[in-house]
Amino acid sequence: MADSLPPSSSSKLVDFVVIPLILISGLVLILNQKPSTTYSWPDSGAPPPASAKNRQQTSPPPTAAATVEDQMVEKNYSDLERAEASLARARARIQDARRKNQTSYDPDYVPSGTMYRNPNAFHRSYLEMEKLFRIYVYEDGDPPLFHYSKSRGILGIEGILIHHVEISKFRTRDPRNAHVFFVPISAQSIANYAYVIHNRAWSPLQNIARDYVNLISTKYLYWNRTLGHDHFMLACHDWAPKISKGVPLLFKNSIRVLCNANTSEGFKPSVDVSMPEIYLPGGTMEGLIGGPPPSNRSVLVFYSGGVHGYIRKMLMNQWKDKDPDVQIHEYLPRNMSYYDMFRKSKYCICPSGWEVASPRTVEALYTGCIPVLLKDHYAKPFDDVLDWSKFSVDVRVSEIPELKNVLMAIPEERYIEMQRVGVAVRRHFEVNFPPKRYDVFHMILHSIWLRRMNVQLHDTYES
């Protein structure tokens with residue numbers, strides 16, 4: 001045991017084993033290729049994705065990292081150092097699986113296929129998350145502004161996921177065991193209950209978030225310890241980025257899980273998490289999942305929705321009621337069913353409105369229609385793991401006049417394969433009560449896990 005060694009041996013242990021391990025740098029989890037639109041997966045030795053005093057990229061751990069760390073006497077180290085040591089061990093195992101192309105045993109599901117950037121690395125990372133990841137939820141604050149959000153309606157996923165986090169097996173009641181800390185602010189509740197109609201000032205809404213962070217930063221040591229880098233918030237309301245901007249460290253340092261994942265408005269793919277917007281009309285997925293095979297889809301492309309935002313206006317001006325193959329509607333005709341049209345169509349347009357997110361992306365995946373992403377500055381959900389080019393189509397705004405030609409140019413064989421992959425990938429976008437492994441709740445947690453694992457944090461009190 002380390003605490004039985006003579007002073008000279010203990011000193012050597014600290015100098016040559018402990019300190020190098022604490023200072024390991026760089027993410028060693030590299031998923032086959034770098035996605036260009038969301039998370040930055042650096043190669044070994046690459047510069048960090050962001051510079052911060054206590055948010056640092058780490059380099060690959062030494063080969064014997066796991067063995068040496070397992071021999072450390074943890075009681076001599078701080079809570080944060082123990083958390084970093086456990087993450088270093090996980091990084092080593094994930095890198096080993098990636099390097100050796102190892103497949104891990106799983107009785108439920110083994111990721112495979114072209115929809116994954118690196119299925120083995122993802123699977124090993126997911127298993128490590130299930131085994132190690134712990135979340136501490138601050139208990140301060142009362143509903144409805146905290147710990148609660150509506151779980152019905154177009155923004156209902158916010159309330160569903162906040163509830164899932166609060167009752168999750170990943171939750172720890174002991175903050176000393178946590179890897180991340182959940183700040184249970186509800187942007188939707190702030191907008192619903194605290195917003196005063198016709199008051200255009202953001203400060204009253206931002207003050208609610210600012211006051212909460214001030215509370216936890218004075219009552220507990222954990223926020224100040226890392227300046228919020230190991231904290232996260234979760235919100236689907238369009239105003240969430242603005243509300244978080246009122247708390248500079250929350251906006252800059254913390255992991256913000258947002259539906260409104262707009263990179264032109266401060267969303268940082270290497271730090272923040274893109275959350276899919278999911279609308280469950282009846283509160284569950286009942287009646288939403290499934291659709292006919294490609295051979296039974298007679299409509300080339302479909303869209304129906306309000307005209308708000310410049311992209312939808314351009315789409316309507318160019319295509320509304322002009323081509324029977326391109327079914328573009330502002331208001332759906334009486335003889336048409338919204339979800340039936342998804343199931344009759346090969347491609348379904350998912351355009352930005354006032355904001356970049358739209359529930360149509362998941363609605364398309366649920367019904368077997370290939371999403372056509374017509375957006376600017378959008379960070380796709382789970383893009384660090386999933387290769388969206390295998391089950392969706394990106395169309396630039398400048399290509400709207402050529403929309404039909406762009407889709408008709410896709411070979412039938414490729415369309416059939418994309419539709420097959422889309423059906424397979426939708427398990428990662430499904431909402432279950434209670435959550436099931438690999439569903440949208442667990443994929444969001446995995447995205448948080450990756451971002452927490454991507455940095456090594458140092459205690460600012462020690463600095």
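The values are calculated or read from the model by the stated rules, or taken from the named source; none is laboratory data. These numbers were taken from a predicted model, which means no experiment stands behind them. Neighbour counts run over all protein chains shown; Cβ positions are idealised from the backbone, glycine included. Heads up: the accessible areas ignore ligands, DNA and RNA and are worked out on the full protein's heavy atoms, side chains in. Shrake-Rupley method; radii C 1.70, N 1.55, O 1.52, S 1.80 Å.
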Inspect region 290-302 for any residue being assigned to a loop (DSSP other than H, G, I, E, B) and under 16 Å from residue 427 (Cα atoms) and give the result as yes or no.
-> yes
Restricting region 268-319 to residues that are out of contact with any Lys or Arg (no Cβ under 6 Å at 6 or more places or on another chain) and basic (Lys, Arg), the residue that is surrounded by the fewest Cβ atoms within 10 Å (Cβ to Cβ) = 313
Residue 125, sole failed condition from (1) among the polar types (S, T, N, Q); (2) crowded, with 21+ Cβ neighbours inside 10 Å; (3) in contact with a strand residue (DSSP E or B) (Cβ under 8 Å, 6 or more places away or on another chain) | (3)
If you check 442, 446, 428, which single one turns out to be crowded, with 20+ Cβ neighbours inside 10 Å, more than 30 Å from residue 227 (Cα to Cα), modelled with pLDDT of 95 or more and not aromatic (Phe, Trp, Tyr)?
-> 428
Check region 356-371 and report whether any residue there is buried (at least 22 other Cβ atoms within 10 Å of the Cβ) and within 17 Å of residue 268 (Cα to Cα).
-> yes
In region 156-210, residue least open to solvent (accessible area, probe 1.4 Å) [restricted to those that are of a type in the set (Lys, Arg) and in a loop (DSSP other than H, G, I, E, B)] | 169
Looking only at region 247-264, which residues are closer than 22 Å to residue 139 by Cα and not in a strand (DSSP E or B)?
-> 247, 249, 250, 251, 253, 254
Keeping to region 449-460, report how many residues are crowded, with 18+ Cβ neighbours inside 10 Å and part of a loop (DSSP other than H, G, I, E, B).
-> 4
So, first residue free of Cβ contacts under 8 Å to residues at least 12 places away in the same chain in region 210-224, second residue of a type outside the set (D, E, K, R) and open to solvent by less than 60 Å² (accessible area, probe 1.4 Å), Cβ within less than 9 Å, six or more apart or across chains; the pairs are 214/247; 217/223; 217/224; 217/228; 218/224
Filter region 218-246 for residues that are of a type in the set (A, V, I, L, M, F, W, C) and in a loop (DSSP other than H, G, I, E, B); which is farthest from residue 178 (Cα to Cα)?
-> 239
Screening 390, 380 for residues that are touching a strand residue (DSSP E or B) at 6+ places or on another chain (Cβ under 7 Å) and open to solvent by 10 Å² or more (accessible area, probe 1.4 Å) leaves only 380
Among the candidates 257, 196, residue that is free of Cβ contacts under 8 Å to residues at least 60 places away in the same chain and hydrophobic (A, V, I, L, M, F, W, C) | 196
In contact (Cβ under 8 Å) with a residue 60 or more places away in the chain and closer than 25 Å to residue 412 by Cα - does that describe any residue in region 325-339?
-> yes
Matching entry among 438, 415 (being over 20 Å from residue 127 (Cβ atoms) and of a type in the set (Phe, Trp, Tyr)) = 415
What's the number of the condition residue 213 fails, among (1) closer than 16 Å to residue 272 by Cβ; (2) open to solvent by less than 10 Å² (accessible area, probe 1.4 Å)?
-> (1)
